[in-house]
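Asker: Once you've had a glance at the structure underneath, I'll fire off some questions.
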Amino acid sequence: MLKGKDVLNTAQFSLQELNLIMNTAANFEKRVKSGEIIRNMEGQVVASLFFEPSTRTRLSFETAINRLGARVITVANAASSSASKGETLTDTIRTVDGYVDVIVMRHPMKGSAQIAADNAKHPFINAGDGSGQHPTQALLDIFTIRKEKGALGGQIVTFVGDLKYGRTVHSLSYFMTLYGNKMFFISPKSLRMPSEITADLRSRGAEIEETEDLKKALSVSDIVYVTRIQKERFKDLAEYEKVKGSYIINRAIINQAKKGITILHPLPRVDEISTDVDNYEGAAYFRQAHNGVYIRMALLALVTGRT
Ligand code: NCD
């Protein structure tokens, strides 16, 4: 179903494909945890091109590649590649496409993923394109919701933080719509979800409420998805200073939220979740990060037809 395909955004997926990805991920998780040496992608080479900082996404992709028995070539920072000499993205991709079987790329420019995919014959996976999309994060987010809640769909989810520049919420909100999850969007006024995204989600049947009342939203939410203010995307740092620390989730706030609320965060966090929340049993953000390996194993195996 996904062999030879690119992964660019979350609007591209059907429920059937999402089920396949999550079931494949669950199967890889079982195999890895049983200690099996997995060789599905033996003989293949994957390019991991990160032109923007990353800890979890790059390392979990590279762990996934290693666990599948494939090999990886890496650009871990833009300064070390010919991008710093002025090479175009198109030329870099055409070159790397001749070396490998799959390309994974993160790039600071929104829309760069589409350009790269258009110039690659091999499957291309978007690992974050500026303030655009981050589909593999959203896949591990829904995989985490399914595991934490035992089900996915018909839930109430509050998104809080930087909804303007936060690509993870841009991606995940499409899946929430597909699964019939109601959404609260909470952010400083200057960082609201782009209106073209809310309009598109609503045209797909989304139930969305934009509010500044965090307490009220959390009192009815099954899940809260917290995000970092994306400092690196602000043209004017004075604007960042105005909004930083706007919403902070601490233990007192969680104590007043709906019982059993699950807390997700794509990480890294700065100060938007206090560490006094970490030992709350619904604080799932580190489990969420671990799930990234299995989702990325599933995607790599599916797009190369090596499941
Ligand atoms: C996110 C990203 O890069 O968009 N991190 C991640 O991939 N886990 C979120 C962020 O940087 O705030």
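Asker: Based on this model, can you work out whether Y225 counts as modelled with pLDDT of 95 or more, assigned to a helix (DSSP H, G or I) and under 21 Å from T168 (Cβ atoms)? Steps first, answer last, please.
Answerer: Values: modelled with pLDDT of 95 or more: yes; assigned to a helix (DSSP H, G or I): no; under 21 Å from T168 (Cβ atoms): yes.
In short, no.
Asker: Right, here's the next one. The conditions are (1) open to solvent by 30 Å² or more (accessible area, probe 1.4 Å); (2) part of a strand (DSSP E or B), and I263 fails exactly one of them. Which is it?
Answerer: With (1) open to solvent by 30 Å² or more (accessible area, probe 1.4 Å); (2) part of a strand (DSSP E or B) applied to I263, the lone miss is (1).
Asker: Same structure, new question: Which is in a strand (DSSP E or B), under 23 Å from I142 (Cβ atoms), away from the ligand (no atom under 16 Å from the Cβ) and at pLDDT 95 or above, of F185, F159? Don't jump to the end; show me each part of the working.
Answerer: Details: F159 fails: away from the ligand (no atom under 16 Å from the Cβ).
That would be F185, the only listed residue that is in a strand (DSSP E or B), under 23 Å from I142 (Cβ atoms), away from the ligand (no atom under 16 Å from the Cβ) and at pLDDT 95 or above.
Asker: Go through the stretch 79-118 and give me each residue that's part of a loop (DSSP other than H, G, I, E, B), open to solvent by 40 Å² or more (accessible area, probe 1.4 Å) and of a type outside the set (S, T, Y).
Answerer: Step one: filter the stretch 79-118 for residues part of a loop (DSSP other than H, G, I, E, B), giving 81, 86-88, 98-101, 108-111.
Going one step further and asking which of them are open to solvent by 40 Å² or more (accessible area, probe 1.4 Å), we end up with 86-88, 98-99, 101, 108-110.
Result: G86, E87, G98, D101, P108, M109, K110.
Asker: Looking for something more than 15 Å from the ligand (Cβ to nearest atom) and of a type in the set (F, W, Y) - is there at least one such residue anywhere in the stretch 124-134?
Answerer: Initial filter on the stretch 124-134 (more than 15 Å from the ligand (Cβ to nearest atom)): 124.
Restricting the remaining residues to those that are of a type in the set (F, W, Y) gives 124.
Yes, the stretch 124-134 contains at least one residue that is more than 15 Å from the ligand (Cβ to nearest atom) and of a type in the set (F, W, Y).
Asker: Check off (1) buried (at least 21 other Cβ atoms within 10 Å of the Cβ); (2) at negative phi; (3) within 13 Å of the ligand (Cβ to nearest atom) for L152 and give me the number that stays unchecked.
Answerer: (3)
Asker: Can you tell me which residue among V243, V270 is surrounded by 17 or more Cβ atoms within 10 Å (Cβ to Cβ), farther than 17 Å from T158 by Cα and within 15 Å of the ligand (Cβ to nearest atom)? Before the answer, list the steps.
Answerer: Numbers: V270 fails: surrounded by 17 or more Cβ atoms within 10 Å (Cβ to Cβ).
Unique residue meeting the criteria: V243.
Asker: Of the numbered conditions (1) open to solvent by 10 Å² or more (accessible area, probe 1.4 Å); (2) more than 30 Å from G305 (Cα to Cα), V224 satisfies every one except a single condition; which is it?
Answerer: Only one criterion is unmet by V224, namely (1).
Asker: Follow-up question, since we're still on this one. Mind listing whichever residues of the stretch 58-73 are surrounded by fewer than 22 Cβ atoms within 10 Å (Cβ to Cβ) and farther than 19 Å from N291 by Cα?
Answerer: R71, V72, I73
Asker: Does T24 satisfy being part of a helix (DSSP H, G or I), under 20 Å from T168 (Cβ atoms), within 23 Å of the chain's Cα centre (by Cα) and of a type in the set (S, T, Y)? Walk me through how you get there before you give the answer.
Answerer: Values: part of a helix (DSSP H, G or I): yes; under 20 Å from T168 (Cβ atoms): no; within 23 Å of the chain's Cα centre (by Cα): yes; of a type in the set (S, T, Y): yes.
The answer is no for T24.
The values are calculated or read from the model by the stated rules, or taken from the named source; none is laboratory data. Predicted model only: the values in this text are computed from it and were never measured. Here the Cβ is made from the backbone with ideal geometry for all residues, glycine too, and neighbour counts use every protein chain on show. Calculation scope for accessible area: heavy atoms of the full protein, side chains included, ligands and nucleic acids excluded. Shrake-Rupley method; radii C 1.70, N 1.55, O 1.52, S 1.80 Å.
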